[in-house]
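Some notes on the structure that comes next.
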Amino acid sequence: MNIAEQLNRVLEARPFEHLGVFEQAKGWLVRVFIPQADQVQLLNLADGTELTTLAKVDDSGLFEGVLSQSSRPVYRLKVDAGDQTFELTDAYQFPERALQDFSCDSDTLYRNMGAQLCSVDTAAGSVSGVRFAVYAPNARSVSVIGAFNNWDGRRHPMQSSSDGIWRLFIPDLQPGDAYKFELKDPREHPLPHKSDPYNFYCTQYPDFNSIVFDHTAYQWQDDDWQNRPQRAPASAPMAVYEIHAGSWRHKDGRVMTYRELADELVPYLVDMNFTHVEFVPVSEHPFDGSWGYQPLGLFAPTSRFGSPDEFKYLVDQCHQNGIAVIVDWVPAHFPSDAHGLALFDGTALYEYEDPRRGWHPDWNSYIYDFGRFTVRDFLISSAVIWLDYFHVDGIRVDAVASMLYLDYSREEGEWVPNVDGGNHNYEAIEFIKRFNETVYGKFPKAITIAEESTAYDGVTRPVFAGGLGFGFKWNMGWMHDSLEYMQRDSIYRPYHHNELTFSMVYSFNENFVLPLSHDEVVHGKGSILARMPGDEWQQTANLRAYYGFMYGHPGKKLNFMGNEFAQGIEWNHQAQLDWYLLQFERHRGLQNLFRDLNRLHRDEPALHERDCEPSGFRWINHEDSQNCVFSFVRTADNGDQLIVITNMTPNPQVGYRIGAPTAGRYDVLLNTDSHFYGGSNYDVGDTFYTISESANGLPFALDIRVPPLATLFLKQSPVTIG
């Protein structure tokens, strides 16, 4: 097969050996391949003058000619093809620019792979364009295709290398140009056109084109935030607002853009005293109904809501207003869409080949092959870019349990044991450890959070101490047990008292976040409000008491959007939240309560400084199942203490005695039954004084009135009694 036939059939893997400029004894041979061209003229790149007309040596589109000049020519091509005439700068005269990599390491491959804007200096001046690089070691051929070459894979075949990476520099391309990769598998069969695994920007259905993007253009304004003093996250306040960007609010009947979210969401977060915002995955994903949890563009914010720079603007505005940004990241699995990673070069390149390891039965998706260093490097880089290019402050890792266990959601015979015959995925475990070491090593102020639903030991223990190295873990046990308790009518609660107390058995085994996330308001579960028993008043009172209990309980706080004003129906990703509910008192009251709970959590050190330490918590009485009353003490680093009392029945408690750690006056900081929150405003007073009698193993006692279905926060006043 001659070179013209190779090129015409898109089977040439080393085009620089045949196309471009080649020195000869009497000058320079120039050879180009432009299918359907009738005539090709060589123009001097510097001044546009004609150098020569190339001879057509094969009807498929191979042209060549010899220039008898001493210096290497730098040229453009003027092409006549039918009734069209166009010019282009030949990519194959720049092999050095194509094959020279950009500075990166195995954790920052996005600085080298994909589409990198760059230039090459020549005798005729600087030539700008895009260097493409894609990993496809088993492909027979790879081409870059786009409107710039009429989506014709014959025009820009890439150069293969021993490292499995295909490279090509294409001059004149600019930010905004669309492209894809055209590949043939090892048996020369054409594959579906593939989006760039490292693309920074991607169009939506049906094209899913990758877009050249310039990450250097955006000018950040968050220096004050980036230079803030470092603080241990475990001892800092953390009230997280989890949001799905497409359904928080709509504007003119459509989803809001990133910039519109910056203008409306950020002031809302500030007003509501949230400290963090967490976005369910904004990485590019083909299917709206996956909510982002089936991503294929791990390096790109979804273009549903705007450009990458507009997402940067949203993060920037959060930082300028003191809000930390967390993004969800999905390294556990990926969807089977033809334009994506599945069978990328005709082989199982990103996924495990054996379906017992490589196919997830719950989500009908592929599982990354964590045993391959190329996959690990790809995934680690896809996490680091969000901290690097997008300035996010934290990464929540989705579906960690599915990564840790080979038998996750599989029956006997459907999984392959590890080398020791067990069910731990050693490769995934080592990957997770490397992820956490990388994030904390490169970005010491960042946080990582695991959604991990099992009792795997050491999720938040440092890697050097034998753990996985996460900063926090979602407390799925607390979430499940507490919601089970809250769904019960109060007459049954005395028999399930332990569902609210059991969490304290293990609360300090890990650094926990208490999550009432999107997962708790979908799939027929209803909203959090709808799960509360009783009539309308009791439902709302239950919810107020529950949120108060949550904010008193050790652990950082996370609530999905809508929780803060008692969304009435379960979440629908295609519709905005029911903001009209705020015209009703009980919903406005819940929103007021949330605002004050967030403020209390942020401003009272006792409610956050020792969230992850046993010394920050002491039960006062966890055994009063008959009255369904729970009381405990929270302690700050400086010794300041708050008392939290929750009554989970509609019966008020009068003269209810609890122990107090120190003598003095205790003021009511917050009462969830206040009329300001839509409560009954049952009279409890503003102040209590201790009596010199011991109670609940503490040296002093308080006789208090506890409202029905309510939580009280008491703080000792600095005023003492003689």
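Some notes on this structure:
- Residue list for the stretch 222-277, filter: among the small types (Gly, Ala, Ser), closer than 22 Å to His573 by Cβ and crowded, with 16+ Cβ neighbours inside 10 Å: Ala245, Gly246, Ser247, Ala262
- Verdict on Arg410 being in a loop (DSSP other than H, G, I, E, B), surrounded by fewer than 19 Cβ atoms within 10 Å (Cβ to Cβ) and of a type in the set (D, E, K, R): yes
- Among the residues listed as Thr635, Thr662, the single one being more than 29 Å from Val521 (Cβ to Cβ) and more than 37 Å from the chain's Cα centre (by Cα): Thr662
- Residue in the stretch 691-711 that is among the aromatic types (Phe, Trp, Tyr) and either within 25 Å of Tyr546 (Cβ to Cβ) or surrounded by fewer than 16 Cβ atoms within 10 Å (Cβ to Cβ) (or both) present: no
- Candidates are the residues of the stretch 560-598 that are over 22 Å from Ala545 (Cβ atoms) and in contact with a strand residue (DSSP E or B) (Cβ under 8 Å, 6 or more places away or on another chain); the one that is surrounded by the fewest Cβ atoms within 10 Å (Cβ to Cβ) is Ala575.
- Scanning the stretch 612-639 for residues that are touching an Asp or Glu at 6+ places or on another chain (Cβ under 8 Å), under 17 Å from Leu714 (Cβ atoms) and surrounded by fewer than 18 Cβ atoms within 10 Å (Cβ to Cβ) returns a single hit, Ala636.
- Annotation: of all residues in the stretch 444-463 being of a type in the set (A, V, I, L, M) and more than 15 Å from His424 (Cβ to Cβ), the one that is surrounded by the fewest Cβ atoms within 10 Å (Cβ to Cβ) is Val463.
- Scan of the stretch 52-70 for residues that are surrounded by 13 or more Cβ atoms within 10 Å (Cβ to Cβ) and assigned to a loop (DSSP other than H, G, I, E, B), ordered by number: Leu54, Ser60, Gly61
- Residue list for the stretch 393-404, restricted to those being over 15 Å from Pro355 (Cα atoms) and either outside any loop (DSSP other than H, G, I, E, B) or in contact with a Pro (Cβ under 6 Å, 6 or more places away or on another chain) (or both): Gly394, Ile395, Arg396, Val397, Val400, Ala401, Leu404
- For the residues Val10, Val57, the requirement of being β-branched (Val, Ile, Thr), within 28 Å of Glu182 (Cβ to Cβ) and in contact with a helix residue (DSSP H, G or I) (Cβ under 8 Å, 6 or more places away or on another chain) singles out Val57.
- Considering residues of the stretch 629-650 that are of a type in the set (D, E, K, R) and in contact with a strand residue (DSSP E or B) (Cβ under 8 Å, 6 or more places away or on another chain) only, the residue farthest from Asp611 (Cα to Cα): Asp640
- Remark: Leu42 falls outside the filter, which requires a residue to be in a helix (DSSP H, G or I) and either surrounded by fewer than 17 Cβ atoms within 10 Å (Cβ to Cβ) or not assigned by TED's automatic domain parsing to the domain that holds Tyr179 (or both).
- Lone unmet requirement of (1) surrounded by 20 or more Cβ atoms within 10 Å (Cβ to Cβ); (2) out of contact with any helix residue (DSSP H, G or I) (no Cβ under 8 Å at 6 or more places or on another chain) for Thr49: (1)
- Within the stretch 179-221, being touching a helix residue (DSSP H, G or I) at 6+ places or on another chain (Cβ under 6 Å), surrounded by fewer than 24 Cβ atoms within 10 Å (Cβ to Cβ) and within 27 Å of Ala13 (Cβ to Cβ) holds for no residue.
- Any hit, the stretch 71-82, residues being aliphatic (A, V, I, L, M), assigned by TED's automatic domain parsing to the domain that holds Arg14 and exposed (fewer than 13 other Cβ atoms within 10 Å of the Cβ): no
- Where a residue in the stretch 412-428 is in contact (Cβ under 8 Å) with a residue 40 or more places away in the chain and its partner, wherever it lies, is aromatic (Phe, Trp, Tyr), with Cβ under 8 Å and at least six apart: Asn425/Phe370; Asn425/Tyr405; Glu427/Phe370; Ala428/Phe370
- Subset of the stretch 430-464 (residues that are at pLDDT 95 or above and among the hydrophobic types (A, V, I, L, M, F, W, C)): Phe431, Ile432, Phe435, Val439, Phe443, Ala446, Ile447, Ile449, Ala450, Val459, Val463, Phe464
- Search result, residues across the stretch 235-258 that are in a loop (DSSP other than H, G, I, E, B) and of a type outside the set (Phe, Trp, Tyr): Ala236, Pro237, Met238, His244, Ala245, Gly246, Ser247, Arg249, Asp252, Gly253, Met256, Thr257
- The strands (runs of 3 or more DSSP E) falling completely within the stretch 425-536 that include 2 or more residues that are assigned by TED's automatic domain parsing to the domain that holds Leu404 and among the aromatic types (Phe, Trp, Tyr) map to 472-474.
The values are calculated or read from the model by the stated rules, or taken from the named source; none is laboratory data. Quantities reported herein were computed from a predicted structural model and do not represent experimental measurements. Glycine gets a Cβ as well: all are built from the backbone with ideal geometry, and neighbour counts include every protein chain shown.
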